[in-house]
1. Could you list, in sequence order, all residues of the range 44-60 that are surrounded by fewer than 19 Cβ atoms within 10 Å (Cβ to Cβ) and in a strand (DSSP E or B)?
2. Among the residues of the range 114-134, are any modelled with pLDDT of 95 or more, closer than 30 Å to residue 184 by Cβ and over 15 Å from the mean Cα position of the chain (by Cα)?
3. For residue 196, state whether it is crowded, with 16+ Cβ neighbours inside 10 Å and either part of a helix (DSSP H, G or I) or at pLDDT below 85 (or both).
4. Would you please name the residue that is surrounded by the fewest Cβ atoms within 10 Å (Cβ to Cβ), looking only at residues in the range 61-99 that are assigned to a strand (DSSP E or B), over 17 Å from the mean Cα position of the chain (by Cα) and at pLDDT below 95?
5. I'm told residue 21 meets every condition in (1) assigned to a strand (DSSP E or B); (2) modelled with pLDDT of 80 or more except one. Can you identify the failing condition by its number?
6. Could you pull out the residue among 129, 175, 185 that is closer than 14 Å to residue 17 by Cα, touching a strand residue (DSSP E or B) at 6+ places or on another chain (Cβ under 6 Å) and not in a loop (DSSP other than H, G, I, E, B)?
7. Any residue in the range 120-134 that's exposed (fewer than 11 other Cβ atoms within 10 Å of the Cβ): show its pairings with residues that are in a strand (DSSP E or B) and modelled with pLDDT of 95 or more at Cβ separation under 7 Å, as long as the two are six or more apart or on different chains.
8. Given the residues 119, 115, which is the only one that is part of a strand (DSSP E or B) and in contact with a strand residue (DSSP E or B) (Cβ under 7 Å, 6 or more places away or on another chain)?
């Protein structure tokens, strides 16, 4: 992203801003959360991206990310890691633009190259899924923008006979501030509105099955 522009993305949060034609964009980074207050996965992520914009309205790119986190609640008294390696091909197109409002759409085809977790039956490979995002950006002034990004992700309902994430919707919102050409702040918020989660009943079931396996081998 050219530094003099407002941001078009922060990790997985998209805005409707586009790169100028001919832009080649590469970055690598990491995101870290406070595990004492977070209950999900992806608390410690490492990622990279590359993209090319053949026109002011079109960008193609590739993403990779990896994480390895312990589960949020214990299984048989332990916190086994959940490991995931993901790659994605995506395209973003600008649907509408005025001086104050921009609308874009982003389509991605993604693959989980490796998933290793007791929650999902052990190790699985090559789990294909996709997502559609439609970011909307309102430009209040040259320094301030407000962003709204609804999205839908389609994942398998099960993996190895175990409930997976299925199809779920989410919505993100945020604002960006650009006090100078070399400095930008982006503050996002994201909420997944539908879709399954790992319930405490599921964890208790895993604990019972694990306990049975232990007694059978002793």
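1. First, pick out the residues of the range 44-60 that are surrounded by fewer than 19 Cβ atoms within 10 Å (Cβ to Cβ): 44, 46-50, 52, 54-58, 60.
Of everything in the range 44-60, those that are surrounded by fewer than 19 Cβ atoms within 10 Å (Cβ to Cβ) and in a strand (DSSP E or B) turn out to be 44, 46, 47, 48, 49, 50, 52, 54, 55, 58, 60.
2. The answer is no; no qualifying residue exists.
3. Details: crowded, with 16+ Cβ neighbours inside 10 Å: no; either part of a helix (DSSP H, G or I) or at pLDDT below 85 (or both): yes.
Taking the combined requirement at face value, the residue does not satisfy it.
4. Here is the first cut: in the range 61-99, the ones assigned to a strand (DSSP E or B) are 61-70, 75, 78, 81-97.
Subsequent filtering for residues that are over 17 Å from the mean Cα position of the chain (by Cα) retains 70, 75, 78, 81, 93-97.
Checking which are at pLDDT below 95 leaves us with 70, 75, 78, 81.
Details: 70: 16, 75: 20, 78: 11, 81: 13.
Residue satisfying both the conditions and the ranking: 78.
5. Tallying (1) assigned to a strand (DSSP E or B); (2) modelled with pLDDT of 80 or more, residue 21 fails exactly one: (1).
6. On the way: 129 fails: closer than 14 Å to residue 17 by Cα; 185 fails: closer than 14 Å to residue 17 by Cα.
None of the other options fit; the residue is 175.
7. 126/111; 126/113
8. On the way: 119 fails: part of a strand (DSSP E or B).
On inspection, the qualifying residue turns out to be 115.
The values are calculated or read from the model by the stated rules, or taken from the named source; none is laboratory data. Here the structure is a predicted model, which means the values were calculated and not measured. For neighbour counting, all protein chains shown are included, and Cβ atoms are generated from backbone atoms with ideal geometry for every residue, glycine included.
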